[in-house]
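First the structure, in the form of structure tokens, and then the observations on it.
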Amino acid sequence: MSKRIGVYPGSFDPIHMGHLDLIERCAQLFDEVHVAVLHNETKKGLFTVQERCDMIREVLVQRGHAEYQVSSFSGLLVDFMDEIGATAVVRGLRAVSDFEFEFQMALMNRKLNPKVETVFMMPKDSYTYLSSRLLKEVGSLGGNLSGLLPDIILQRLTDKLHPKADTASG
Ligand code: PNS
């Protein structure tokens, strides 16, 4: 039987505990899981796509998950899936409000490639209110984000949002 390859696509700007929870759940469903970071020319993120991929890899290795693949993609998700032989897209559903857009995407992806299935998964309930956008906003305003992002990502986010003044110059 061929390998079941799942893709968990997203912006991951940056990865947070809700994403991570979902990624770890995916391992129970697939032989191989690809975390795929969208390279979107028209939407500049806080972190570069390279930084996002590196951070995801770092966190996964730190948590003992070196087996996950992490890559970036541009263009259509279904084309990327074709390239890597994936048949399923994993998307997280946090609340009913996520459903409408996710439903549209799932059906559009099916229209583009009828072999593609979308699997919706719920993150741990204590993470259902997390979004990268909200975390960036709260972080930029100095709010406490501990426990909502892996420690190394929280550190990167803090460094990015509040760069230390260059004290070396005289
Ligand atoms: O984390 P996000 O921003 O909600 O992820 C959205 C993502 C990356 C899954 C979606 O925008 C996507 O798949 N983009 C790739 C382009 C594409 O295939 N668009 C048609 C989707 S129906």
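The values are calculated or read from the model by the stated rules, or taken from the named source; none is laboratory data. Just so it is clear, the model here is predicted, and its values are computed rather than measured. Cβ coordinates were reconstructed from backbone atoms using ideal geometry, including for glycine residues, and neighbour counts include every protein chain displayed. To get the accessible areas, we keep the full protein, side chains included, count just its heavy atoms, and leave off ligands, DNA and RNA. Shrake-Rupley method; radii C 1.70, N 1.55, O 1.52, S 1.80 Å.
A few notes on this one:
- All positions within the range 39-56 that are open to solvent by 70 Å² or more (accessible area, probe 1.4 Å) and at pLDDT below 95: 41, 42, 43, 44
- Of all residues assigned to the range 45-54, none qualifies as being touching a Phe, Trp or Tyr at 6+ places or on another chain (Cβ under 7 Å) and among the small types (Gly, Ala, Ser).
- First in the range 38-51 and closer than 21 Å to residue 91 by Cβ, second anywhere and in a helix (DSSP H, G or I) and β-branched (Val, Ile, Thr), Cβ under 9 Å, 6 or more apart: 38/49; 39/49; 40/49
- Count of the range 57-71 residues which are of a type outside the set (Val, Ile, Thr) and not in a loop (DSSP other than H, G, I, E, B): 6
- Residues of the range 65-74 satisfying the condition of being open to solvent by 60 Å² or more (accessible area, probe 1.4 Å) and either at pLDDT 95 or above or hydrophobic (A, V, I, L, M, F, W, C) (or both): 66, 69, 74
- Members of the range 72-125 that are in a loop (DSSP other than H, G, I, E, B), among the hydrophobic types (A, V, I, L, M, F, W, C) and within 9 Å of the ligand (Cβ to nearest atom): 76
- Count of the range 1-21 residues which are outside any loop (DSSP other than H, G, I, E, B), open to solvent by less than 20 Å² (accessible area, probe 1.4 Å) and either in contact with an Asp or Glu (Cβ under 7 Å, 6 or more places away or on another chain) or hydrophobic (A, V, I, L, M, F, W, C) (or both): 3
- Residue 78 vs. criteria under 14 Å from the mean Cα position of the chain (by Cα) and farther than 18 Å from residue 154 by Cβ: no
- Hits in the range 22-38 (condition: more than 9 Å from the ligand (Cβ to nearest atom) and either surrounded by 20 or more Cβ atoms within 10 Å (Cβ to Cβ) or farther than 19 Å from residue 120 by Cβ (or both)): 22, 23, 26, 31, 32, 33, 34, 35
Residues checked against (1) on the phi > 0 side of the Ramachandran plot; (2) touching a residue at least 12 places away in the same chain (Cβ under 8 Å); (3) surrounded by 15 or more Cβ atoms within 10 Å (Cβ to Cβ):
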| position | (1), (2), (3) |
| --- | --- |
| 80 | no, yes, yes |
| 83 | no, no, no |
| 91 | no, yes, yes |
| 110 | no, no, yes |
| 123 | no, yes, yes |
| 129 | no, yes, no |
| 150 | no, yes, yes |
| 153 | no, yes, yes |
